[in-house]
Amino acid sequence: MSRRFVRVACCVALIAAVIGPERAWAYTNPYTGLQYDSWSQAGMFTALSQMQQDNAFYLRSIDVLGGARSGARNAPRDGSSRHAGGPSGETSPRRLDVSATDFKPSGPRRVADEFAAMLGDHGDAELLRTLHGAIDGMEGFRRNNLAYAMAFALFASIQVAESRSLDEAQQYALIDLVNEFLIDGGAFESMSPRARTDAYDFFVITGALITALDDEGRKQRDRTMREGAKLLARSTLDAFGFEY
């Protein structure tokens, strides 16, 4: 399996470019008119739309992440954040139930194949499906919930890009924050069941790939794999509004 990871790591810049601002448009969303490379991108960017506006998600996340983020921009700490507590939500005046972003999967699961196509080797689709399945079936992970999938991609990215871990309270608080933005901003409601499914798979695979590349790179002492994981992690954080 390590050879397959090396091949993925060498090509992972392509996925980072897909998440980044420079894209070659191919798919037009008939509802919004926006263009994307793939169906999974359409779902991903719809889910991220409210979080990218005016750095709102980044500013709100400072309380959750403790404010001290290596390499991140400085931001005002004016106490304006409405969400500053752990998973109990005791210090937050409002907390949406995470079930608000549950969904029923729809259509064939095509994101692994799209990822493999971006990597230039369709044979890696099975590896990506295996990584997806490991997270999807993990104890404590809320399956078919978009907030959990997006937060998982964030957890993995922060851990690899910043060489730090989030404690359990921070993890649940960040899930709550993602959940809130998806509902309050209207992004979740605007997405079709198919778009929710694609976005969920995209974020689960992204987080799983970041984690797997970093773990395998440590085991194999392979700098290429670890650098590939870090590149994808930083691109993912940038998509959420975290700058480097």
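Considering only residues in the stretch 215-242 that are of a type in the set (D, E) and farther than 29 Å from D102 by Cα, the one that is farthest from the chain's Cα centre (by Cα) turns out to be D222. Among the residues of the stretch 194-212, are any touching a Leu at 6+ places or on another chain (Cβ under 8 Å), aromatic (F, W, Y) and surrounded by fewer than 24 Cβ atoms within 10 Å (Cβ to Cβ)? So far as the stretch 194-212 goes, no, none of its residues is touching a Leu at 6+ places or on another chain (Cβ under 8 Å), aromatic (F, W, Y) and surrounded by fewer than 24 Cβ atoms within 10 Å (Cβ to Cβ).
For the stretch 37-63, a residue qualifies if it is more than 17 Å from the chain's Cα centre (by Cα) and modelled with pLDDT under 75, and the qualifying residues are D37, D54. So which residues in the stretch 135-153 are surrounded by fewer than 19 Cβ atoms within 10 Å (Cβ to Cβ) and either modelled with pLDDT of 95 or more or not in a helix (DSSP H, G or I) (or both)? Correct list: G137, M138, E139, G140, F141, R142, R143, N144. With the requirement that a residue be among the acidic types (D, E) and modelled with pLDDT under 80, what does the stretch 64-104 give you? Matches in the stretch 64-104: D78, E90.
Only one of the listed residues (S235, S165) is within 23 Å of N55 (Cα to Cα), modelled with pLDDT under 90 and either touching a Phe, Trp or Tyr at 6+ places or on another chain (Cβ under 7 Å) or not in a helix (DSSP H, G or I) (or both). That residue is S165. Checking A173, A161, A212, A147 one by one, the residue that is in contact (Cβ under 8 Å) with a residue 12 or more places away in the chain and touching a Ser or Thr at 6+ places or on another chain (Cβ under 6 Å) is A147 and no other.
Of everything in the stretch 156-172, what is under 18 Å from I62 (Cβ atoms) and of a type outside the set (S, T, N, Q)? Give them in sequence order. Across the stretch 156-172, the qualifying residues are I158, A161, E162, R164, L166, D167, A169, Y172.
The values are calculated or read from the model by the stated rules, or taken from the named source; none is laboratory data. Predicted model only: the values in this text are computed from it and were never measured. Counting neighbours? That spans all protein chains shown, and the Cβs are built from the backbone with ideal geometry, glycine included.
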